[in-house]
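Asks: The structure that follows is given in the form of C-alpha cells.
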Amino acid sequence: MTNKTTVIGDMEQEVRALLHQQGLRVTTPCLLVLQILAGAKAPLSHTEVLEQIKQGDCDPATVYRNLIKLRDAGLACVVSQADGIDRYVFTRPGSEGHAHPHFYCTECEQVLCLPSDVQTLLNIEGPWVEAVQQAVWDLRGTCPACRDKKNASTRSSK
Ligand SMILES: [Zn+2]
Ligand SMILES: [Zn+2]
C-alpha cells in the first residue's frame, strides 16, 4: 500500500490549492473526498467514495455534504445517474468538464468512462452537439472485463 499513499501525498498539494482557489474551507473530509475523486479512474458514487475513505471520522452524511459542496464549487460534477445513483468525477475549474458518455456494467455494477477511441464513433454535428454534450449519457451493458470473464467461464465449463 506504500505506492498508493505516495500518490495521494503528491496530489494533496494540488487539491489543497484548488480548495483555496474556490474559497472553500480546507477540512480533512473535504480534502479526502476531493483526493479520492481526483485519483479515481472512473466516476464514483457516494458509497464508493465512502468505501475508499475508511476513516472513522468521516460518516456518510459528512461525505455526502462534502460531495455537494465540491459540486457547488465546480470541483466535482455528476456525470452518471445509472440505476438512479449519482456518480461524481473531479473537474478542474475552467476546464471543459467531463462531457463524454459513460458505460454502466450490469455485471460488476461499475460506471466506466468510455475510452476516447470509442467516443469518436459517437461524433456528431449540428444542433444536437451541445444538447448531447451536456446530457447525462449512460450506456448499459457488460464491460469488456466482465465479458472476458464470462467467455472464459463458458469455455472452461465445456
Ligand atoms: Zn463489468
Ligand atoms: Zn468519464
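The values are calculated or read from the model by the stated rules, or taken from the named source; none is laboratory data. If you're wondering where the values come from, they're calculated on a predicted model, not measured in any experiment. FYI the Cβ positions are ideal-geometry reconstructions off the backbone, even for glycines, and counts take in every protein chain you see.
Asks: Look at the stretch 18-32 and say how many of its residues are out of contact with any Lys or Arg (no Cβ under 9 Å at 6 or more places or on another chain), in a helix (DSSP H, G or I) and without any contact (Cβ under 8 Å) to a residue 60 or more places away in the chain.
Replies: Residues that pass the stated criteria total 3.
Asks: Any chance the stretch 50-63 includes a residue that's surrounded by 22 or more Cβ atoms within 10 Å (Cβ to Cβ), touching a helix residue (DSSP H, G or I) at 6+ places or on another chain (Cβ under 6 Å) and closer than 19 Å to V111 by Cα?
Replies: Within the stretch 50-63, none of the residues are surrounded by 22 or more Cβ atoms within 10 Å (Cβ to Cβ), touching a helix residue (DSSP H, G or I) at 6+ places or on another chain (Cβ under 6 Å) and closer than 19 Å to V111 by Cα.
Asks: Also, I was wondering about something else. Restricting the search to the stretch 102-124, which residues are more than 16 Å from ligand 1 (Cβ to nearest atom) and either at pLDDT 80 or above or touching a Lys or Arg at 6+ places or on another chain (Cβ under 6 Å) (or both)?
Replies: none
Asks: Does the stretch 80-97 contain any residue that is in contact with a strand residue (DSSP E or B) (Cβ under 8 Å, 6 or more places away or on another chain), within 16 Å of ligand 1 (Cβ to nearest atom) and among the polar types (S, T, N, Q)?
Replies: yes
Asks: Sticking with this structure for a sec: Only one residue in A61, A73, A135, A82 is within 16 Å of ligand 2 (Cβ to nearest atom), of a type outside the set (D, E, K, R), in the same structural domain as V33 (by TED's automatic domain parsing) and without any contact (Cβ under 8 Å) to a residue 60 or more places away in the chain, so which one is that?
Replies: Every option except A82 fails the conditions.
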